[in-house]
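Scroll down for the structure; my scribbles are underneath it.
Values quoted throughout were computed directly from the atomic coordinates according to the rules given, and no laboratory measurement underlies them. These numbers come from a predicted model, not from an experiment. Because the Cβ atoms are built from the backbone with ideal geometry, glycine has one as well, and the counts that use them run over all protein chains shown.
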Amino acid sequence: MSPRIPRCSSPSPHPIFGTVHVRREQNDKVLPCHARRNAGTCPHGRIMSCTAKHSPDDPHLGEPLCPDCYDYTGSVLFNALAPLLWKRLADSLRRRLAKLGGLTLKELREHLTVSFAKVAEYQRRGVVHFHAVIRLDGPGGPTAPPPPWATTDALTQAVRHAAQVVSALVPAIDDQPASLLKWGQQIDTRPITLNGDLTEQAVAGYIAKYATKAAECVGTLDRRINPLDNLDAYNLREHPKRLIAECLRLAAIEDLADLRLANWAHMLGFRGHFSTRSRRYSTTLGELRAAREQHARDHEITTGRLPFFDEDIVLVISEWTYAGKGYSAGDQLLAAAITNTPLAGGCP
């Protein structure tokens, strides 16, 4: 892939729903979680401080310092609306690029193609987090260079602008007025190069790592939950149990029925795919399936398991085994009773 093509890796921002236990490191030294000299108490009487130096596998990581202060409603709704936020970010990104290029949105398609691939990662606190690779190509796709004005700086500016302006409306619930959910302030955009700190190989490694992480890292279940199930029977930690319970509670609200939170309670409200990409980012899944089928066929022919024939010959392979002859002992008794005929050996 040509290094001229502006590409950007962007972990998408996310809001904060409450202070949680974290593992902090600096210069290869583990720091206290939330060490505060004059830490105050929350409205529920808990001291908002933690001096523990958590290990990487500490089950308390991601859990709130005060569960009663944590915004479980906001966390669940953010997960549920994250796919919509991403779609609106992608649309806003294209509009911003069109403005930077002095074009209309319709004219942009004749000069530029915006392609992306993204993966969703669950943080230990149960909030979904997106990592995206965004690339600018010419109108013909990856084989064509983008226009001169479509630089890495222009792409970075468009990403940051889109992350700040898009939002999703949350209807009024629990006697609370309607509100807007937006991306948080944590966003990191870095150019991808053929050599440097962030190479294509490094990005591929990141995606492979995120692909193996699912919601189970939070402590939830790997299957759907029946709304009538007793959550206490699943031996869940308090934090994921509260997130699941909040999904089931919100699912009963009519204005949130479209989010189908009961179906996705085990995913803590997130109902998107872990990995998605735009149509012209790379090859299609259909082409990948066809390539796998052809590779398997070629391998069978190479190893002698299949003979080589011309393309217009259909080879039918089947296997026959001997099942038996005549009636079994039980079938003989049944047949004799029905036909009132004696069995072999003189039995009536």
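Summary value for the stretch 74-160: 28 percent relative contact order, contacts being C-alpha pairs under 8 angstrom separated by 6+ residues.
Phi angles across the stretch 20-32 convert, under the Karplus curve 6.51 cos²θ - 1.76 cosθ + 1.60 with θ = phi - 60°, into 3J(HN,Hα) values of 10, 5, 9, 9, 10, 9, 8, 6, 6, 10, 7, 9, x Hz, Gly and Pro given as x. The H on the amide N of residue 21, modeled in the peptide plane, is under 5 Å from the matching H of 62, 63, 65, each at least 5 residues off or on a different chain. The alpha-carbon atoms of the stretch 43-97 define a convex hull whose volume equals 165 cubic angstrom per residue. Each semi-axis of the equivalent ellipsoid for the stretch 18-68 is √(5λ) with λ an eigenvalue of the Cα gyration tensor; in descending order they amount to 21, 13, 7 Å. Sorting the segments 73-85, 177-189 by their residues' average number of neighbouring beta-carbon atoms within 10 angstrom, most packed first, yields 73-85, 177-189.
When the GluC sites (Glu not before Pro) in the stretch 42-138 are filtered for DSSP coil states and for at most 13 other beta-carbon atoms within 10 Å of their beta-carbon, the remaining sites are 110. Taking amide H as placed 1.01 Å from N in the peptide plane, residue 31 has its amide H under 5 Å from the amide H of 24, 25, 26, each at least 5 places away in sequence or on another chain. Taking other residues whose beta carbon is less than 10 angstrom from the beta carbon of residue 53, and scoring Lys, Arg as +1 and Asp, Glu as -1, yields +1. Its Cα gyration tensor gives the stretch 219-262 an equivalent ellipsoid, and the semi-axes of that ellipsoid, as √(5λ) in whole Å with the largest first, are 20, 10, 9.
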